Amino acid sequence: MSKVVLITGGTSGIGKATSILLSSRGFKVYATGRNVDKVRDLEEKGIALLYMNLLDEESIRNAFDEVIKREGKIDILINNAGYGIAGSVEDVPIDEARKQFEVNLFAPIRLSQLAIPKMRENGGGRIINITSIASFLPSPILSWYSASKSAFGFLSFAMRVELSRFGIDVVSVAPAGISTNWPLIASSYLEKFSSNSLYSKVAERMFKFFENSIKSSPSPEIVAKKIYKIIMKKKTKPVYFVPWYAKLFYFTSKVLPITWLEKAYKLFLRD
């Protein structure tokens, strides 16, 4: 029988590329998202589409239950869906910050809690959590996003240790810049929260950075290929980085004094 994959945010960006690749390799893929009607062409590739809104507990449960109803199991859960808000800590409303944590942290953990008992019954499984290199590099202006992904990474490691005795493997994948609509979404929040505030000059610099990052970043397929390689491994590491320079950023953050990072940020964001 084909292995069953449930992937959140599977209808765009990294999730879409991963859904297409895994389906082409013989996996039974269930791709979830909020706008599934716009990507019905994915069904022609053998990908099943399910509606899921990570801010809606009922929709999370309904999508999960539908997969179990059809397949009786989930072999691989890929918690990919997420987004980033940009803006100064002072400018971002707490309600928006809570929403950031709900989507990037609590919803994927809730979905994992649903999947774990089924995986245990089935003798094992694998959970792949898409975090970010930002989880290792605290960043001004992207503070709430960095904090949510950092928390997600720590919980992923704890789950990895806790679930190993049941044959359930948990892995984090930490991408650096990837050419998706992520920078555009972050920029829209930055404009909304900080473009007319005391941080407007900083916001302008970050706008330009996001625009340039779209042009120079690799495509989502590079992450999809990494995820496929992880799935095919018998033994995994706790964290994987992609592209290659993401690992360089990680080691740099561990080796250099945090005061150097502070100076670099201040230089980049100076008025």
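The values are calculated or read from the model by the stated rules, or taken from the named source; none is laboratory data. These numbers come from a predicted model, not from an experiment. Cβ sites come from the backbone with ideal geometry, for glycine too, and all protein chains shown count toward neighbours.
Observations
- Number of residues in segment 58-81 that are touching a Lys or Arg at 6+ places or on another chain (Cβ under 7 Å) and either of a type in the set (Lys, Arg) or at pLDDT below 95 (or both) equals 1.
- One residue from Ser200, Ser219 being at pLDDT 90 or above and small (Gly, Ala, Ser): Ser219
- Candidate set: segment 58-86, residues that are of a type in the set (Lys, Arg) and surrounded by 14 or more Cβ atoms within 10 Å (Cβ to Cβ); chosen: the one nearest to the chain's Cα centre (by Cα): Arg61
- Residues in segment 10-27 that are small (Gly, Ala, Ser) and either touching a residue at least 24 places away in the same chain (Cβ under 8 Å) or surrounded by 21 or more Cβ atoms within 10 Å (Cβ to Cβ) (or both): Gly10, Ser12, Gly13, Gly15, Ala17, Ser19, Ser23, Gly26.
- Residues of segment 153-170 that are buried (at least 20 other Cβ atoms within 10 Å of the Cβ) and of a type in the set (Val, Ile, Thr): Ile168, Val170.
- Selected residue (only one of Val103, Val39, Val89 is buried (at least 17 other Cβ atoms within 10 Å of the Cβ), over 19 Å from the mean Cα position of the chain (by Cα) and not hydroxyl-bearing (Ser, Thr, Tyr)): Val39
- Scanning segment 167-194 for residues that are hydrophobic (A, V, I, L, M, F, W, C) and within 22 Å of Lys229 (Cα to Cα), we see that the one that is farthest from the chain's Cα centre (by Cα) is Ile168.
- Matching residues, segment 42-57, being touching a residue at least 40 places away in the same chain (Cβ under 8 Å) and either out of contact with any Ser or Thr (no Cβ under 6 Å at 6 or more places or on another chain) or surrounded by fewer than 17 Cβ atoms within 10 Å (Cβ to Cβ) (or both): Leu54, Leu55, Glu57
- Near pairs, Cβ below 9 angstrom, 6+ apart or cross-chain, from segment 213-236 (charged (D, E, K, R)) to any residue that is assigned to a loop (DSSP other than H, G, I, E, B) and surrounded by 12 or more Cβ atoms within 10 Å (Cβ to Cβ): Lys215/Ser179; Lys226/Pro243
- Among the residues making up segment 193-208, those that are within 22 Å of Gly177 (Cα to Cα) and either without any contact (Cβ under 8 Å) to a residue 12 or more places away in the chain or surrounded by fewer than 17 Cβ atoms within 10 Å (Cβ to Cβ) (or both) are Glu204, Arg205, Lys208.
- Options Ile94, Ile60, Ile74: the member that is of a type in the set (A, V, I, L, M) and without any contact (Cβ under 8 Å) to a residue 12 or more places away in the chain: Ile94
- Among the residues listed as Ser150, Ser132, the single one being without any contact (Cβ under 8 Å) to a residue 24 or more places away in the chain, in contact with a helix residue (DSSP H, G or I) (Cβ under 7 Å, 6 or more places away or on another chain) and within 21 Å of Ala246 (Cα to Cα): Ser150
Residue by residue, here is whether (1) loosely packed, with under 15 Cβ neighbours inside 10 Å; (2) closer than 30 Å to Val202 by Cα; (3) touching a Ser or Thr at 6+ places or on another chain (Cβ under 7 Å) holds:
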{"position": "Ile227", "(1), (2), (3)": "no, no, yes"}
{"position": "Lys233", "(1), (2), (3)": "yes, no, no"}
{"position": "Lys237", "(1), (2), (3)": "yes, no, no"}
{"position": "Val242", "(1), (2), (3)": "no, yes, no"}
{"position": "Leu256", "(1), (2), (3)": "yes, yes, no"}
{"position": "Lys266", "(1), (2), (3)": "yes, yes, no"}
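- Apart from one condition, Ile185 fits all of (1) among the aliphatic types (A, V, I, L, M); (2) surrounded by fewer than 17 Cβ atoms within 10 Å (Cβ to Cβ); (3) in a strand (DSSP E or B); the exception is (3).
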